[in-house]
1. By its C-alpha gyration tensor, with a ≥ b ≥ c as the square roots of the eigenvalues, how is the chain shaped: rounded for a/c under 1.5, else prolate for a/b larger than b/c, else oblate?
2. Check the straight Cα-Cα distances from Lys121 and name the lysines below 19 Å, setting aside those fewer than 8 residues away within the same chain.
3. Percent of accessible area on the chain owned by carbon and sulfur, 1.4 Å probe?
4. Return the sequence-ordered ³J(HN,Hα) values of segment 196-207 in whole Hz as given by the Karplus equation 6.51 cos²θ - 1.76 cosθ + 1.60 applied to θ = phi - 60°, using x for Gly and Pro.
5. Amide H neighbours of Lys322 under 5 Å, counting only residues 5+ apart in sequence or on other chains, H built in-plane at 1.01 Å?
6. Enumerate the calculated ³J(HN,Hα) couplings along segment 386-401 in order (Karplus 6.51 cos²θ - 1.76 cosθ + 1.60, θ = phi - 60°), each rounded to whole Hz, writing x wherever the residue is Gly or Pro.
7. If I take the Cα coordinates of segment 121-250 and project them onto the principal axes, what are the three extents in Å, biggest first?
8. Going from most exposed to least, what order do Tyr93, Tyr157, Tyr396 have by accessible area with a 1.4 Å probe?
Amino acid sequence: MKILLVGVGGVGEAIAVMSAKKPWLEKMVLSDFNTHRLEEVQRKLADPQRFPTEWVDASRQELVEELAKKYQVDLIMNACDPIYNMPIFNAAYNVGCHYMDMAMSLSEPNEKDPYHQPGLKLGDLQFAQSKQWEEKGLLALVGMGVEPGMADVFARYAQDYLFDDIDEIGIRDGANLEVRGYEFAPNFSIWTTIEECLNPPVIWEEGKGWYTTEPFSEPEVFEFPEGIGKVECVNVEHEEVLLIPRWVKAKRVTFKYGLGDQFINVLKTLKMLGLDNKEPIHVKGVMVAPRDVVAACLPDPAHLGDRMFGKTCAGTWVKGKKDGKPRQVYIYQVADNQECMQKFGVQAVVAQTGFNPVIAFELIEKGIWKGKGVLGPEAFDPLPFMERMAEYGFPYGIKEM
């Protein structure tokens with residue numbers, strides 16, 4: 001398989017590292033706007049023939065198309081912030097190759113009633129083109145990270161193997177990670193974090209469909225496994241809620257994230273000051289997006305691994321019935337930062353995200369996962385994916401609640 005990897009930030013690096021020794025990978029083209037970052041990751045991989053580097057501006061669809069044609073790639077992997085999804089997505093369609101991302105096309109809040117009714121939902125722009133992709137015989141696998149991605153695979157597994165009827169599927173994400181030496185240092189893209197945390201969260205209910213609520217609503221305390229313990233989680237906009245109901249039958253679907261009071265207060269302050277704005281504004285004769293300034297002022301998550309300590313957990317909490325009896329399970333994956341640094345040389349959050357598309361590459365290359373059109377992870381048999389998780393260094397667990 002030949003892959004064009006667009007974006008070599010923390011997760012892009014993790015994808016490349018975890019793909020490096022796989023026999024099914026013929027070539028992975030590393031492309032990014034930051035040439036110094038390209039050189040850094042290529043040096044780490046120590047295989048310039050299989051991992052050539054190319055400068056690219058991901059906002060310019062024609063440049064992505066040129067690279068895909070130059071290397072005759074089979075698949076374009078989008079590892080950029082989701083603001084670049086549509087140019088990369090459309091480039092893959094025009095060139096005639098498969099596509100994968102880890103976060104779907106962006107939403108736009110309902111102008112009249114943002115905290116009750118959705119506007120343009122996550123992924124709407126991509127799903128609107130599904131028929132064209134299907135007619136062309138191409139697969140666009142969207143939301144194939146950890147959340148969304150692995151968590152969605154778990155939801156399909158719960159439906160197929162663990163439950164007869166599902167009342168609620170709740171994605172729950174929490175951690176006890178600490179970044180030493182910084183008062184505030186997000187361990188994932190702050191650009192993406194602002195987007196998903198300050199937009200109105202989406203909930204799905206049978207008979208009601210998708211609806212929205214206020215950011216950070218419905219706080220609950222969830223006890224995470226493997227020593228992480230109790231963490232307060234709140235509603236956050238996330239792709240699983242838009243994906244799972246399309247393939248998995250449940251009465252309710254939610255996503256809640258353990259952010260913590262400090263993180264929530266920082267996000268609220270950024271919004272109050274207008275620093276969450278992604279549209280450029282005039283600053284002393286220069287056009288600059290406030291959100292880009294915030295990102296530039298914070299440490300790069302890709303270089304925080306040696307300062308991070310603790311574990312992060314992603315998983316799917318399912319409530320329902322099996323053989324007429326009530327059942328609750330939490331299907332999860334816990335990544336320890338020290339172990340991720342030792343095995344892969346990347347920090348836990350990006351490692352836990354990056355292994356999922358790599359397994360999907362293998363399943364697609366071997367013809368185990370087949371499909372046409374715009375599809376989520378739930379559209380495929382979950383067993384081949386879950387059977388490979390331990391082999392890739394990220395075993396799953398199932399906790400009866």
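The values are calculated or read from the model by the stated rules, or taken from the named source; none is laboratory data. What you see is a predicted model; the values in this text were computed from it and never measured. To get the accessible areas, we keep the full protein, side chains included, count just its heavy atoms, and leave off ligands, DNA and RNA. Shrake-Rupley method; radii C 1.70, N 1.55, O 1.52, S 1.80 Å.
1. Note, shape of the chain comes out rounded.
2. Counting by Cα, and skipping residues close in sequence, Lys121 has these lysines nearby: Lys112, Lys131, Lys208, Lys256, Lys278.
3. 48
4. Whole-Hz 3J(HN,Hα) from phi for segment 196-207: 7, 8, 9, 6, x, x, 10, 10, 10, 9, 4, x.
5. Amide H neighbours of Lys322: Asp164, Arg327.
6. 5, 5, 8, 4, 5, 4, 7, x, 9, x, 9, x, 10, 10, 6, 9
7. 53, 35, 28
8. So, going from the largest accessible area down, we get Tyr396, Tyr93, Tyr157.
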